[in-house]
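Chemist: Please find one structure pasted underneath; my questions will follow.
Where a number appears in this text, it was derived from the coordinates with a stated rule and is not lab data. Everything numeric in this text was worked out from a predicted model, so none of it was measured. Using ideal geometry, Cβ is built from the backbone for each residue, glycine included, and neighbour counts are taken over all protein chains shown.
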Amino acid sequence: MPERAKLIAINTSEAPARTKPSNYPEPFASRMVGREKHPLGDLFGLTNFGVNLTRLAPQAISALRHAHSQQDEFIYILEGHPTLRTDEGCTQLTPGMCAGFKAGTGNAHHLINETSEDVLYLEIGDRTPGDEGSYPDDDLIALLENGKWKFFHKDGTPY
């Protein structure tokens with residue numbers, strides 16, 4: 001079988017959506033309805049950091065509100081007007097705005113599309129081994145082991 005041709009560039013409109021809508025266990029995965037991620041970095045074999053083009057339908061959320069122990073994150077709004085919710089409160093974002101979330105600060109964050117139009121944004125995060133995700137609003141913690149997220153209740157029992 002011939003080796004797959006190396007991808008040089010792509011129009012983002014042609015990037016396939018992630019096949020699994022969410023890595024979260026239930027009852028959390030179903031809360032991600034209306035979120036569609038296109039893993040752009042994976043298309044090019046990037047391993048040190050990830051890049052996703054993400055679309056949020058009206059009333060959808062980007063993720064459970066979370067903070068990372070090791071992973072820096074960055075978002076850039078392309079279309080729409082999402083609300084960024086952090087420990088400091090809510091901030092209305094517009095196209096061209098960006099935000100960054102430094103690892104280890106404990107400042108939990110997520111985007112909420114409270115409008116009637118789609119939101120489109122880029123999210124970029126590193127893939128530092130040993131990362132942990134904390135979720136202050138939910139009975140959930142996450143551990144990144146061998147490149148895969150494993151989820152636990154806050155008392156340590158697995159999902």
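Chemist: Compute the distance in nm between two label points, each set 7 Å from the Cα along the Cα-to-Cβ direction, one at residue 33 and one at residue 102.
Modeler: Taking the simple label geometry, residue 33 and residue 102 are separated by 3.9 nm.
Chemist: Less than 17 Å from a label point 7 Å out along the Cα-to-Cβ axis of residue 17: which backbone N atoms in the stretch 86-115 qualify, by residue?
Modeler: Inside the label zone: 113.
Chemist: Further, regarding this structure: Tell me the relative contact order for the chain as a rounded percent, counting alpha carbon contacts under 8 Å between residues six or more apart.
Modeler: It rounds to 22 percent for the chain.
Chemist: Now, a different point. Separation between the residue 132 and residue 72 pseudo-spin-labels, each 7 Å from Cα along Cα→Cβ, expressed in nm?
Modeler: 2.2 nm
Chemist: In the structure shown, do any of 37/150; 20/102; 6/102; 37/148 have a Cα-Cα gap over 25 Å, and if so which? Please report the intermediate quantities before stating the final value.
Modeler: On the way: 37/150 20 Å; 20/102 27 Å; 6/102 33 Å; 37/148 17 Å.
Those over the limit are 20/102; 6/102.
Chemist: Rounded to whole Å and ordered largest first, report the semi-axes of the equivalent ellipsoid of the stretch 24-152 derived from its Cα gyration tensor (root of 5λ).
Modeler: Calculated on Cα positions only, the semi-axes equal 21, 17, 15 Å.
Chemist: List 134, 30, 13 from most exposed to least, where exposure is judged by having the fewest other Cβ atoms within 10 Å.
Modeler: 13, 30, 134
Chemist: For the stretch 48-118 and the stretch 9-33, what is the separation of their C-alpha centers, rounded to whole Å?
Modeler: Here the answer is 15 Å between Cα centres.
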